[in-house]
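> Here you go, one structure.
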Amino acid sequence: MPAFSLEPSQTARCAQLRTLAAERLRPLAEKGEPGHVNRPLIAELGRLGLLERLFSSGALDLCLMRESLAYACTEAETALALQGLGAHPVHAHGTPAQRDRWLPAVSEGSAVAAFALSEPGAGSDAAALGLRAERDPDPAADSPAQPAAVPDGASRWRLTGEKCWISNAPEADFYTVFARTTPGAGARGVTAFLVPADRPGLTGGALDMLSPHPIGTLAFDAVPVSADDVLGEVDRGFRVAMGTLNLFRPSVGAFAVGMAQAALDATLTHTAQRDAFGGKLRDLQSVAHTVAEMALRTDAARLMVYAAATAYDEGAPDVPKRAAMAKLLATETAQYVVDTAVQLHGARALQRGHLLEHLYREVRAPRIYEGASEVQRGIIAKELYANPEVR
């Protein structure tokens, strides 16, 4: 399927999702408490079958879901995306036991997932992780008076350190955690672990962030894990992280495109109705040209997102570059479109509760998380020089 064309069934599905988001998800989002997991909203996403689709469809479908939900309810979009981000490593790299334990609960919306990569000293530089996974060779390390905290896998570790800026922390039910198993090995010495939230030694705290969903810290005080908790292979967790981000970065772009389209549509309505200077705002050439620029950039970003998602689904060799390009262009575009929409609306757009006031707060973070814009430019340049044959 060409990246620039959607099938009629896909277009109809997007329209249906917008309606569902407005009628069934937005009311639940509005009842949520800022800074806390909205479990009724997540449960409704499960009842609608949207969470299950995170594991049964491809990157393009994920992008279409995120774009459609973002247009009508950014909180629902984010709740869905965080479930996918936290649980995708389990789906892609987990053992049958890990998948059977967690994926059905994530799909039905009864278990909340989180992706724990960033640290106080390792945000954009993900290879500089400091959370330590130290070997625990003594199977009797757990007190005889207490049951073992983890199954007796072939290998055991204790996790010590911190994670920071983790979405859904500290309220998630389990975390995909990336820790250093081999000191001094850079990206080659990182392992991914599935860590249930009730593991002894694992605590967390909330951060007061510009975000409706919880973002927090995690503290690991000799948290026990075993080989049964490893996702993928020991010392190859960076591949798990990058593989997950290569899937989700284009869909972050789709989230941004959904917000940009909502801002653009609001601007079209406002400028067509607003009386100013003896006519309508749209009659001013400067306004008309600005709206045209907003539409141009939004469509260009959408095409880049769809192209990157299609490349991922087809297993193209340049997925890292395309994913980075899609996230970079779409998030920077959305920032421009929403900011411009606020300018054309004037002071009313800054009133608490206005659509654009909401989007103005929401649109900033995607330029930072899952790799800041500067990181995306670095990835693009690296891929261009390393793989000239797929430019």
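> Please enumerate the residues belonging to the range 315-345 that are at pLDDT 95 or above and acidic (Asp, Glu).
Glu332, Asp339
> Between a residue in the range 242-253 that is over 10 Å from Ala323 (Cα atoms) and any residue that is surrounded by 22 or more Cβ atoms within 10 Å (Cβ to Cβ) and among the aliphatic types (A, V, I, L, M), which pairs come within a Cβ distance under 8 Å, given they are 6 or more apart or on different chains?
Thr244/Leu85
> Here is a check on your reading of the model: is Val106 at pLDDT 95 or above, out of contact with any Cys (no Cβ under 8 Å at 6 or more places or on another chain) and under 28 Å from Leu210 (Cα atoms)? Can you show your working first?
Details: at pLDDT 95 or above: yes; out of contact with any Cys (no Cβ under 8 Å at 6 or more places or on another chain): yes; under 28 Å from Leu210 (Cα atoms): yes.
Taking the combined requirement at face value, the residue satisfies it.
> Another question about this same structure. Under 9 Å between Cβ atoms, which residue pairs at least 6 apart in sequence (or on different chains) link something in the range 108-123 that is surrounded by 22 or more Cβ atoms within 10 Å (Cβ to Cβ) with a partner that is among the acidic types (Asp, Glu) and part of a strand (DSSP E or B)?
Glu119/Glu162
> Would you mind stating whether Leu64 is farther than 18 Å from Pro212 by Cβ, touching a helix residue (DSSP H, G or I) at 6+ places or on another chain (Cβ under 6 Å) and at pLDDT 95 or above? Working first, answer last.
Details: farther than 18 Å from Pro212 by Cβ: yes; touching a helix residue (DSSP H, G or I) at 6+ places or on another chain (Cβ under 6 Å): yes; at pLDDT 95 or above: yes.
Yes: the conditions hold for Leu64.
> Return the residues of the range 225-269 that are under 24 Å from Arg135 (Cα atoms) and in contact with a Pro (Cβ under 7 Å, 6 or more places away or on another chain); say none if nothing qualifies.
Here is the first cut: in the range 225-269, the ones under 24 Å from Arg135 (Cα atoms) are 225-241.
Matches in the range 225-269: Ser226, Asp228, Leu231, Val240.
> Now for a different question. Kindly evaluate Ala227 against the criterion of being within 30 Å of Val190 (Cβ to Cβ) and either buried (at least 18 other Cβ atoms within 10 Å of the Cβ) or out of contact with any Gly (no Cβ under 8 Å at 6 or more places or on another chain) (or both). Let's see the steps before the verdict.
Working: within 30 Å of Val190 (Cβ to Cβ): yes; either buried (at least 18 other Cβ atoms within 10 Å of the Cβ) or out of contact with any Gly (no Cβ under 8 Å at 6 or more places or on another chain) (or both): no.
Taking the combined requirement at face value, the residue does not satisfy it.
> Restricted to the range 267-286, and to residues that are among the polar types (S, T, N, Q) and surrounded by 14 or more Cβ atoms within 10 Å (Cβ to Cβ), which residue is nearest to Ala349 (Cα to Cα)? It would help to see each step written out before you state the result.
Of all residues in the range 267-286, those among the polar types (S, T, N, Q) come to 267, 269, 271, 273, 285-286.
When the remaining residues are screened for being surrounded by 14 or more Cβ atoms within 10 Å (Cβ to Cβ), the result is 267, 271.
Numbers: Thr267: 10, Thr271: 13 Å.
Looking at residues that are among the polar types (S, T, N, Q) and surrounded by 14 or more Cβ atoms within 10 Å (Cβ to Cβ), I get Thr267.
> Going residue by residue through the range 314-325, is there one that turns out to be touching an Asp or Glu at 6+ places or on another chain (Cβ under 6 Å) and either surrounded by 19 or more Cβ atoms within 10 Å (Cβ to Cβ) or closer than 20 Å to Ala372 by Cα (or both)?
Taking every residue of the range 314-325 in turn, at least one turns out to be touching an Asp or Glu at 6+ places or on another chain (Cβ under 6 Å) and either surrounded by 19 or more Cβ atoms within 10 Å (Cβ to Cβ) or closer than 20 Å to Ala372 by Cα (or both).
> Okay, next question. Between a residue in the range 164-182 that is within 14 Å of Pro120 (Cα to Cα) and any residue that is surrounded by fewer than 24 Cβ atoms within 10 Å (Cβ to Cβ) and charged (D, E, K, R), which pairs come within a Cβ distance under 7 Å, given they are 6 or more apart or on different chains?
Cys164/Glu119; Ala179/Arg132
> While we're looking at this one, here's another question. For the range 78-88, does any single residue satisfy the condition of being under 21 Å from Arg302 (Cα atoms) and of a type in the set (Ser, Thr, Tyr)?
yes
> Go through the range 43-70 and give me each residue that's surrounded by fewer than 23 Cβ atoms within 10 Å (Cβ to Cβ) and over 20 Å from Thr244 (Cβ atoms).
Ala43, Glu44, Gly46, Arg47, Leu48, Gly49
> Scan the range 7-54 for residues that are more than 22 Å from the chain's Cα centre (by Cα) and of a type in the set (Asp, Glu) and jot them down.
The answer is Glu7, Glu23.
> Which residue pairs have Cβ atoms closer than 8 Å, lie 6 or more positions apart in sequence or on different chains, and pair a first residue in the range 17-32 that is within 18 Å of Leu64 (Cβ to Cβ) and assigned to a helix (DSSP H, G or I) with a second residue that is of a type in the set (Ser, Thr, Tyr) and modelled with pLDDT of 95 or more?
Leu17/Ser68; Arg18/Ser68; Arg18/Tyr71; Ala21/Ser68; Ala21/Tyr71
> So which residues in the range 49-64 are under 19 Å from Asp100 (Cα atoms), touching a residue at least 40 places away in the same chain (Cβ under 8 Å) and part of a loop (DSSP other than H, G, I, E, B)? First the steps, then the outcome.
Here is the first cut: in the range 49-64, the ones under 19 Å from Asp100 (Cα atoms) are 49-57.
Of the ones still in play, those that are also touching a residue at least 40 places away in the same chain (Cβ under 8 Å) are 51-52, 54-55.
The answer is Leu51, Phe55.
> Return yes or no: is Val240 of a type outside the set (Phe, Trp, Tyr) and in contact with a Gly (Cβ under 7 Å, 6 or more places away or on another chain)? I'd like the intermediate steps shown before the answer.
Numbers: of a type outside the set (Phe, Trp, Tyr): yes; in contact with a Gly (Cβ under 7 Å, 6 or more places away or on another chain): yes.
Yes: the conditions hold for Val240.
> Next up: Condition (residue is part of a helix (DSSP H, G or I) and over 22 Å from Ala116 (Cβ atoms)) applied to the range 86-98: is it met by at least one residue?
Step one: of the range 86-98, the residues part of a helix (DSSP H, G or I) are 86-93, 96-98.
Of the ones still in play, those that are also over 22 Å from Ala116 (Cβ atoms) are 96.
Checked the range 86-98: at least one residue is part of a helix (DSSP H, G or I) and over 22 Å from Ala116 (Cβ atoms).
> Provide a single number: the residues in the range 172-217 that are in contact with a Gly (Cβ under 6 Å, 6 or more places away or on another chain), assigned to a loop (DSSP other than H, G, I, E, B) and hydrophobic (A, V, I, L, M, F, W, C).
Selection size over the range 172-217: 1.
The values are calculated or read from the model by the stated rules, or taken from the named source; none is laboratory data. All values reported here derive from a predicted model rather than from experimental measurement. Backbone-built Cβ (ideal geometry, glycine too); neighbour counts: all protein chains shown.
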